[in-house]
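Remarks on the structure that follows.
The values are calculated or read from the model by the stated rules, or taken from the named source; none is laboratory data. None of the values given here were measured: they were computed from a predicted structure. Don't worry about glycine lacking a Cβ; one is built from the backbone with ideal geometry, like all the others, and counts go over all protein chains shown.
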Amino acid sequence: MASSSPFGNDRICGVVAATDAREAMRQLRRALEMTRTVELRLDWLKDGKERHEFLSRLSKLRRSATFIATCRHRDAGGRYDGPDATQLAVLGAALRAGCRWCDLEVEGLSRIPGFALDLQMQRGKWILSWHNFGRPQSAKLLRGRVSAIDSASEKRGFAATKIASQCDSLADSLNVLRAARGKRNIIAVSMGEAATAARILALREGSALAYAPMEAATAPGQISLEEMKNLYRADKLDRQTRVYGVIGNPIGHSLSPHLQNAGFQARRINAVYLPFAVKDLRDFLGAIEPLGIRGFSITLPHKQSILRHLDDCDPLAATIGAVNTVVVRNSGKLYGYNTDYVGVLRALERRIPIRGSRVLIFGAGGAARAVAFALESGGATVAVCARRPAEAKKLARAVHGEAVGRSALRREFFDAIVNATPVGMHPRENVTPLEARELNCRLVFDLIYRPRETKLLKLAARRGIETISGIEMFLAQGIAQWEIWMGERAPEKAMRAAVMLALKREEASSQK
């Protein structure tokens with residue numbers, strides 16, 4: 001995709017941030033394998049000696065790339081706390097070492113003598129940057145701030161302007177993108193967990209760059225360079241790209257982006273699937289039209305509360321009382337489905353004859369309801385046990401089953417036990433919803449898929465009980481979602497491979 005960015009065609013900027021020169025060079029070499037635009041966070045290097053060593057190595061690096069030198073003060077979110085004159089000298093040395101650009105925070109304009117800055121600015125191109133790590137600003141205040149900084153930038157001869165502001169909602173992140181729209185050579189950065197999707201879509205929305213770290217995050221809500229480049233293909237997205245996503249809170253555990261984006265890439269479809277950390281459903285619903293969202297998955301805690309916002313719903317999903325899939329029709333109306341139902345049946349029927357089996361569901365939330373109705377339709381006898389007995393009884397009645405008290409589990413026997421609670425999910429892998437002595441059954445099925453082998457499944461395996469990982473249900477329900485959105489058969493092999501690779505990498509990383 002052609003770009004008018006002053007930074008060239010590689011508009012995903014890898015961020016190198018390390019405390020010593022050797023590690024910084026290691027990160028730089030890895031970054032250059034994926035992008036030719038790299039920000040060098042010189043303020044992260046622990047002292048002047050390490051900065052000198054790194055710049056000396058950089059000057060000998062024979063690579064055609066665009067390097068952006070940054071030595072940000074602490075009061076602007078950086079780690080540098082020395083004199084302003086030294087900061088400017090470091091940036092000047094970076095230009096001599098081969099950097100094409102320098103980034104100076106707006107606070108420096110009032111502290112650094114004009115003649116000294118003008119002298120350094122003759123040697124390269126400069127970015128004037130503003131960072132707001134405090135409360136998000138209103139759309140009106142943000143527009144005024146951007147206009148003032150952009151005006152100062154142009155007046156002083158800066159070649160580009162960067163605004164980075166904390167966002168506590170999708171509405172905040174949309175304000176950041178809109179404030180930068182139509183401005184010359186402006187970089188728009190939405191910071192915070194709620195702004196992850198905005199970071200990925202920033203280039204599509206007109207930002208000159210999108211930042212992605214090699215290792216440690218240098219700002220809230222950042223996504224790694226590898227994911228920005230390969231998982232989300234942020235530099236390939238355009239106004240025709242169809243946007244899909246998963247909403248939940250928390251959402252960092254989801255492997256759905258790996259599953260769905262692998263399907264898009266395998267079929268060469270111009271679409272992207274993004275993670276949306278959503279606390280308030282109304283905030284997300286307000287972003288559907290501006291971001292061009294065509295469909296979305298729903299996970300905890302919104303599977304039931306989404307129902308009141310839908311225009312229509314599949315009868316089965318209405319009966320279950322929970323939705324995990326939504327299609328945004330051309331009219332903007334929302335239509336809901338539940339594919340968890342499909343995932344349960346496909347995972348279980350390969351291991352046990354569902355008809356005639358007695359199955360315990362532990363939990364009574366949205367996922368538990370999908371399991372219960374799937375089992376009832378398959379001819380199983382359903383039992384429900386939950387932390388809230390009243391909810392267990394309510395669900396049991398809905399599927400003509402029975403409610404079982406927790407104290408009775410040691411005496412009861414089931415053909416299968418299904419954990420439909422989030423207990424044991426990453427990052428709390430060391431907890432289990434049930435004790436070993438409560439697992440009196442032939443099969444244990446844990447809907448959790450991250451980690452692939454939960455503590456519950458390990459307890460069951462030690463007792464010689466057959467187990468099913470939630471990854472099987474996850475794959476089945478996600479593939480069904482993809483087919484609903486795309487209207488064609490999914491590339492199951494590619495999608496499964498992508499998820500299994502992501503899990504394998506995650507497990508290897510946790511063992512280091």
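Side notes on the structure shown:
- The lone criterion from (1) loosely packed, with under 13 Cβ neighbours inside 10 Å; (2) at pLDDT 90 or above left unmet by residue 156 is number (1).
- When the strands (runs of 3 or more DSSP E) confined to the range 257-371 are screened for residues that are buried (at least 24 other Cβ atoms within 10 Å of the Cβ), of a type in the set (A, V, I, L, M) and out of contact with any Ser or Thr (no Cβ under 8 Å at 6 or more places or on another chain), none reaches at least 3 such residues.
- Every listed requirement among (1) surrounded by fewer than 22 Cβ atoms within 10 Å (Cβ to Cβ); (2) not in a loop (DSSP other than H, G, I, E, B) is met by residue 183 save one, (2).
- The criterion of at least 2 residues that are of a type outside the set (Val, Ile, Thr) and at pLDDT 95 or above is met, among strands (runs of 3 or more DSSP E) falling completely within the range 398-512, by 414-419, 441-446.
- Condition met for residue 20 (in contact with a His (Cβ under 8 Å, 6 or more places away or on another chain) and either under 30 Å from residue 240 (Cβ atoms) or in the same structural domain as residue 101 (by TED's automatic domain parsing) (or both)): no
- Comparison of 254, 207, 190 shows that the only residue that is assigned to a loop (DSSP other than H, G, I, E, B), under 14 Å from the mean Cα position of the chain (by Cα) and small (Gly, Ala, Ser) is 254.
- Residues that are farther than 23 Å from residue 253 by Cα and surrounded by 15 or more Cβ atoms within 10 Å (Cβ to Cβ) do occur in the range 450-462, at least one of them.
- Residues that are touching an Asp or Glu at 6+ places or on another chain (Cβ under 7 Å) and surrounded by fewer than 18 Cβ atoms within 10 Å (Cβ to Cβ) are absent from the range 414-429.
- Once the range 215-240 is narrowed to residues that are surrounded by fewer than 17 Cβ atoms within 10 Å (Cβ to Cβ) and closer than 25 Å to residue 329 by Cα, the residue that is nearest to the chain's Cα centre (by Cα) is 236.
- Residue check, residue 61 exposed (fewer than 15 other Cβ atoms within 10 Å of the Cβ) and either over 18 Å from residue 157 (Cβ atoms) or basic (Lys, Arg) (or both): yes
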